[in-house]
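Scroll down for the structure; my scribbles are underneath it.
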Amino acid sequence: MAMTTKLACVLLLALLGFSMVATQVMAKEAQYRLDSAYGPGSLKSYQCAGQCQRRCNQTQYKKPCLFFCNKCCAKCLCVPPGFYGNKQVCPCYNNWKTKRGSPKCP
């Protein structure tokens, strides 16, 4: 009986370890796909308008958002995923600042 319990514990620990490794591998693959899909130079210049339309779709300041997003996309050739944030995916987009030091890209 004790041998069966020890065997079950070892199998359970092995399964837990395997699932942890599998989770780490999948997370790294997902991050790689995110970086390659949205990173610097991931867009062609003709794709900027559509990506900026997506990025600025939910803002109440649509005109300025589209203007600056298109300007940033033309320079950086990338637009971060989502409607807000996620700028770390595109360093050029994230680091371009106004003269006052605030972010230039929406």
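The values are calculated or read from the model by the stated rules, or taken from the named source; none is laboratory data. Everything quoted here is computed from the prediction, not taken from an experiment. Here the Cβ is made from the backbone with ideal geometry for all residues, glycine too, and neighbour counts use every protein chain on show. The accessibility values were calculated without ligands, DNA or RNA, using every heavy atom of the protein model including side chains. Shrake-Rupley method; radii C 1.70, N 1.55, O 1.52, S 1.80 Å.
Taking a probe of 1.4 angstrom, what is the accessible area of Thr98 in Å², to the nearest 10?
Thr98 exposes around 50 Å² with every protein chain in place.
Starting from the 7 Å offset along Cα-to-Cβ, what nm value, one decimal, do you get for the label separation of Cys9 and Gln53?
Roughly 6.2 nm, to one decimal.
With θ taken as phi - 60° and the coefficients 6.51, -1.76 and 1.60, list the Karplus ³J(HN,Hα) couplings across the range 62-77 in order, rounded to whole Hz; mark glycine and proline as x.
5, 4, x, 4, 5, 4, 6, 5, 5, 5, 5, 5, 4, 7, 9, 6
For a quick check of your reading of the filter: which trypsin sites (Lys or Arg not before Pro) in the range 42-106 sit in a DSSP loop and have no more than 10 other Cβ atoms within 10 Å?
Loop-located and lightly packed - Lys44, Lys99, Arg100.
Just by accessible area at a 1.4 angstrom probe, what is the order of Leu7, Leu77 from largest to smallest?
Leu7, Leu77
Just to check I understand the Karplus step: with θ = phi - 60° and J = 6.51 cos²θ - 1.76 cosθ + 1.60, what whole-Hz values come out for the range 88-103, glycine and proline as x?
Karplus-based 3J(HN,Hα) across the range 88-103 equals 4, 5, 10, x, 4, 4, 6, 8, 6, 10, 7, 4, 7, x, 8, x Hz.
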